[in-house]
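Asks: Before we start, here is the structure in question, set down as structure tokens.
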Amino acid sequence: MAKAADSGSKRLISLAPNEWVQWVTQRPEVIAKEILGSEFQWISRETDVLVKAYSPTLGDFLVLNELQLRYRKFGLKTPSL
């Protein structure tokens, strides 16, 4: 189940998709053409966002955003990986 902050991040992308794809790609010329639905089989979580983007130099491409927030309470140690 998605956390409220994760779902809020998805909403943030939908409010400013151009700015989001420009920030993610570090390319100011990129524009978001469409936020695609999660009907794709390989997008499994409700917090995943797929954006169809366009750049004059790259053409059309997809940006898959997997948003996760991790936090820990004071006094608890993060398990080592």
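The values are calculated or read from the model by the stated rules, or taken from the named source; none is laboratory data. Bear in mind that the values here come from a model prediction, so they are computed numbers and not experimental data. A quick note on method: Cβ atoms are made from the backbone with ideal geometry, for glycine too, and the neighbour counts reach across all protein chains shown.
Yes/no per residue for (1) at pLDDT below 90; (2) hydrophobic (A, V, I, L, M, F, W, C):
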{"residue": "N18", "(1), (2)": "no, no"}
{"residue": "Q22", "(1), (2)": "no, no"}
{"residue": "Q26", "(1), (2)": "no, no"}
{"residue": "L36", "(1), (2)": "yes, yes"}
{"residue": "R45", "(1), (2)": "yes, no"}
{"residue": "V49", "(1), (2)": "yes, yes"}
{"residue": "Y54", "(1), (2)": "no, no"}
{"residue": "Y71", "(1), (2)": "yes, no"}
{"residue": "G75", "(1), (2)": "yes, no"}
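Asks: Report, ordered by the first and then the second residue, all pairs with beta carbons closer than 6 Å, sequence separation of six or more or different chains, a first member in segment 12-38 that is closer than 18 Å to G59 by Cβ and without any contact (Cβ under 8 Å) to a residue 12 or more places away in the chain, and a second member that is in a helix (DSSP H, G or I) and of a type outside the set (A, V, I, L, M).
Replies: Close Cβ pairs satisfying both conditions: P28/Q22.
Asks: Return the pairs, sorted by first residue and then second, in which the second residue is in a strand (DSSP E or B) and modelled with pLDDT under 95, the first residue lies in segment 53-66 and is within 14 Å of N18 (Cβ to Cβ) and β-branched (V, I, T), the beta carbons are less than 7 Å apart, and the residues are 6+ apart or on different chains.
Replies: Close Cβ pairs (under 7 Å, with a partner that is in a strand (DSSP E or B) and modelled with pLDDT under 95) amount to V63/V51.
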